[in-house]
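First the structure, in the form of structure tokens, and then the observations on it.
Nothing in this text is a laboratory measurement; each read-out follows from the coordinates by a stated rule. All figures in this text were calculated on a predicted structure; none of them were measured in a lab. Cβ atoms come from the backbone with ideal geometry, glycine included; neighbour counts cover every protein chain shown.
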Amino acid sequence: MELFGGLMVMMSILFFFLSVIWFVLPFVIFSMKGKVDRSLEVLESMERRLAVLESRLTVPPVLPPSAERHHTPPSGSPPPSDGE
């Protein structure tokens, strides 16, 4: 009988700690939810600001390969010969 009483005491202590965790856990989860929502708002505002900055950037025009090959250097010297 002493073994049964000892096990019951251990189980009651275990259930006490589990009940404390059960009551505290929702408050921890809900406080995290508020922080995650705030982080999401900040992230969305940063995304909008980055989109505005990206829209302001201009992309330099891409030259076709034939235009790049016959490019004259700015010094005015003739382009190197291709063996033609």
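What the table below lists for this structure:
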| read-out | value |
| --- | --- |
| HN-Hα J in Hz across the stretch 16-23 - Karplus 6.51, -1.76, 1.60, θ = phi - 60°, x for Gly and Pro | 5, 5, 5, 5, 5, 4, 4, 7 |
| Per-residue ³J(HN,Hα) for the stretch 39-54, Karplus 6.51 cos²θ - 1.76 cosθ + 1.60, θ = phi - 60°, Hz, x for Gly and Pro | 5, 5, 4, 5, 5, 5, 5, 5, 5, 5, 5, 5, 5, 5, 5, 5 |
| Inter-probe distance in nm under a simple model that places probes 7 Å from Cα toward Cβ, at Phe4 and Leu50 | 6.5 |
| Length added when fully stretched, Lys35-Leu18, from 0.36 nm per residue minus Cα-Cα | 3.6 nm |
